[in-house]
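The values are calculated or read from the model by the stated rules, or taken from the named source; none is laboratory data. Because the structure is a prediction, the values reported are computed rather than measured. Backbone-built Cβ (ideal geometry, glycine too); neighbour counts: all protein chains shown.
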Amino acid sequence: MASPHQPDDPSPGDRTTSPPALDEPDQPAQSDHEAPRVLRLRIAAWDVVCTVTLLVLLVVLATATTWPTRLFGFLAKVCEGDTCGPVPFGIDYYIHPVVWGGIGAAIAAAGIGPFVSLLKGWYMSFWPVLALAILMVTSVAGFILTTFSERYWL
């Protein structure tokens, strides 16, 4: 009767490999005919070019333009300290965490995302676009929180 896990060795009676040594439990047993695993990256040239171009444009937008001031200019209106009036549910305490958390998530998406795509075999060019979308959503959410809180700070 056949067992459900048949060995890959064509000659089951001829065993030339020895079992793994007991003093090395982390080392898997490898027979001579097994090839080592090779990591193969699936890369399309157009995808790499688009990803690098979009990342460069994103960095230029963030550093050499007034784009951050336009997106996050509302942070200048945020009331700091004990002089602020109480806002319902303490919503004003979430303005900075939402903004900086969104900026951090966008940087992580743009920086780490392409490497994840390389390992998974996905296209990479959507990560910079996702980072830009995260920045836009963060800006809108922070602006809404600031606008709501402003009327209670007066």
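Data overview
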| quantity | calculated |
| --- | --- |
| Odd one out for residue 116 among (1) at pLDDT below 95; (2) among the aliphatic types (A, V, I, L, M); (3) farther than 30 Å from residue 40 by Cβ | (3) |
| Criterion (surrounded by 10 or more Cβ atoms within 10 Å (Cβ to Cβ), hydroxyl-bearing (Ser, Thr, Tyr) and at pLDDT 95 or above) met by exactly one of 17, 65, 53 | 53 |
| Selection within the range 105-138 - surrounded by 21 or more Cβ atoms within 10 Å (Cβ to Cβ) and assigned to a helix (DSSP H, G or I) | 106, 109, 110, 114, 127, 128, 131, 135, 138 |
